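*Asks:* Quick one: the structure is below, and I'll ask about it shortly.
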Amino acid sequence: MGLIISIAALVAAAVFIIAFYTFSICFRTPVNHPNDPYVPLKGKQYAAVADNIHSCISIMDKTPCRWVYVNSFDDLQLAGRYYHTADGAPLVILMHGYRSLALRDCCGGFMLCKKMGFNVLAVDQRAHGCSEGSVISFGIQERYDCQRWVDFAVAEFGPDTKIVLSGLSMGAATVLMASSLSLPENVVAIMADSPYNTASGIIRKVCRDGNLPDGLAYPFIKLGAKVFGHFNLEETSAMESVKHAKVPILLIHGEDDRFVPCDMSRELYEACGDMAQLHTFPEAGHGLAYMIDPVRYEIVTVDFLWDIPELTDHMQTNAYAQKIRQRQLDF
């Protein structure tokens with residue numbers, strides 16, 4: 001009996017050690033996490049547009065902003081950059097991707113939003129940038145942070161403020177997961193660039209890419225998230241949430257995305273029903289649709305927002321949006 005107990009204890013210890021290791025690799029961010037958006041991303045797809053990315057980051061970085069803060073449901077201080085364009089203008093809340101920064105992932109969206117005359121709130125997600133926290137939950141907990149930012153915006157800018165939620169990669173999954181929460185009517189649209197459909201799906205895919213059997217690795221990863229991160233990876237998903245969305249959704253995805261398969265957006269589109277539009281970009285890698293084809297990206301975005309009833313008046317009075325709508329493309 002003693003031997004059996006000892007063996008069981010060793011097995012349990014091994015399971016928890018492996019679970020902690022996978023937790024550390026997948027979900028944990030060091031206290032002193034990186035804050036430099038100019039560090040180039042690895043890979044040929046990013047190198048090909050590195051100059052464009054750097055230019056957009058620089059413009060966003062040098063644009064005056066006001067730091068704003070909210071407290072999360074678990075008492076973390078979350079930070080965001082607010083860029084004011086005009087009193088009473090609609091607000092776009094931008095959310096970045098996994099182990100990235102608002103200044104990097106949101107720079108393209110920032111450029112377009114400013115052209116369209118929107119106010120912009122670019123937030124550093126929990127455990128990233130200037131926000132507190134050390135656990136990344138792939139949108140599971142971050143969706144409540146998104147809800148907090150919406151509540152902040154309504155209180156700060158007034159009950160008539162029209163809000164668009166926009167995100168890239170994990171940020172895209174986050175805003176899609178937030179779509180099923182109790183959001184105020186101020187939120188009139190959601191834009192998701194390169195989202196994954198489920199956290200479990202993208203994690204299993206990354207395991208396979210790393211030549212790990214996902215059927216073996218995923219249970220340890222799920223256990224690590226639950227025991228050490230205090231969240232359930234399968235509690236919700238973008239796929240499940242969009243079935244309950246109450247506002248129009250724009251899905252954008254690069255067909256040459258080698259990290260988050262474009263088929264994940266296709267599956268999300270099917271789940272959305274009549275609430276969504278899907279536009280894919282044939283030569284674009286992960287999150288690179290704007291950098292690869294800014295003209296089409298801006299046309300797609302302007303057309304989508306133009307048809308949102310709550311935004312039509314603003315779009316029709318914005319000179320840049322009018323030019324795009326009329327296809328006066330001189331860039």
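*Asks:* By its C-alpha gyration tensor, with a ≥ b ≥ c as the square roots of the eigenvalues, how is segment 77-129 shaped: rounded for a/c under 1.5, else prolate for a/b larger than b/c, else oblate?
*Replies:* Since a/c reaches 1.5 but b/c is at least a/b, the shape of segment 77-129 is classed as oblate.
*Asks:* Next up: Could you work out what % of the accessible surface of the chain is carbon and sulfur, using a 1.4 angstrom probe and leaving DNA, RNA and ligands out of the count?
*Replies:* 56
*Asks:* While we're here: Strictly under 4.7 angstrom between C-beta atoms: which cysteines of the chain have no such partner?
*Replies:* Among the cysteines of the chain, those whose Cβ sits 4.7 Å or more from every other are C26, C65, C106, C113, C130, C146, C207, C262, C272.
*Asks:* Can you work out the Karplus-derived ³J(HN,Hα) for every residue in segment 212-220? Use 6.51 cos²θ - 1.76 cosθ + 1.60 with θ = phi - 60°, whole Hz, and x for glycine or proline.
*Replies:* 9, x, 5, x, 8, 6, 4, x, 5
*Asks:* Show the residues, 5+ positions off or on another chain, whose built amide H is closer than 5 Å to the amide H of N232.
*Replies:* Answer set, sorted by chain and number: none.
*Asks:* I'd like to compare 215-225, 128-138, 186-196: which one has the highest average count of other Cβ atoms within 10 Å, and what's the full order after that? It would help to have the intermediate numbers written out before the result.
*Replies:* Details: 215-225: 18.3, 128-138: 21.4, 186-196: 26.0.
Going from most to least packed, we get 186-196, 128-138, 215-225.
*Asks:* Could you work out which residue, out of F231, F118, F16, moves most in a Gaussian network model of the chain, that is, has the largest mean-square fluctuation with Cα springs under 10 Å?
*Replies:* The residue that fluctuates most here is F16.
*Asks:* Relative contact order of segment 203-281: what whole-number percent is it, with Cα pairs under 8 angstrom and at least 6 residues apart?
*Replies:* Working: 72 pairs, mean separation 20.3, N = 79.
Taking the mean separation of contacting Cα pairs over the length of segment 203-281, I get 26 percent.
*Asks:* Report the relative contact order of the chain, percent, no decimals, based on alpha-carbon pairs under 8 angstrom and at least 6 residues apart.
*Replies:* Value for the chain: 16 percent.
*Asks:* Normalising by the residue count of segment 81-165, find the relative contact order in percent from Cα pairs under 8 Å and 6+ residues apart.
*Replies:* Contact order relative to length: 37 percent.
*Asks:* As a test, work out the antiparallel percent of DSSP beta bridges whose residues both lie in segment 184-289, rounded to the nearest 5.
*Replies:* Of those bridges, close to 0 percent are antiparallel.
*Asks:* From the square roots a ≥ b ≥ c of the eigenvalues of the alpha-carbon gyration tensor of segment 26-92, which class results: rounded (a/c under 1.5), prolate (a/b over b/c), or oblate?
*Replies:* Cα axes put segment 26-92 in the oblate bin.
*Asks:* Between segment 169-237 and segment 103-145, how far is it from one alpha carbon centroid to the other, in angstrom?
*Replies:* One Cα centre to the other: 16 Å.
*Asks:* Right, something else. Each residue of segment 187-193 in order: what ³J(HN,Hα) in whole Hz does its phi give by Karplus 6.51 cos²θ - 1.76 cosθ + 1.60, θ = phi - 60°, with x for Gly and Pro?
*Replies:* 6, 10, 6, 9, 10, 10, 9
*Asks:* Another question, then. Taking θ as phi - 60°, what are the ³J(HN,Hα) couplings along segment 250-258 by the Karplus curve (6.51, -1.76, 1.60), each to the nearest whole Hz, with x for Gly and Pro?
*Replies:* Karplus-based 3J(HN,Hα) across segment 250-258 equals 9, 10, 10, 8, x, 6, 9, 6, 9 Hz.
*Asks:* To continue, here is another question. List every residue whose amide H lies under 5 Å from the amide H of F281, counting only residues 5 or more places away in sequence or on a different chain, with H placed 1.01 Å from N in the peptide plane.
*Replies:* So F281 has HN proximity to H253, G254, E255.
The values are calculated or read from the model by the stated rules, or taken from the named source; none is laboratory data. Here the structure is a predicted model, which means the values were calculated and not measured. No Cβ is skipped: glycine too gets one built from the backbone with ideal geometry, and neighbour counts run over all protein chains shown. Note: areas computed on protein heavy atoms with side chains; ligands, DNA, RNA excluded. Shrake-Rupley method; radii C 1.70, N 1.55, O 1.52, S 1.80 Å.
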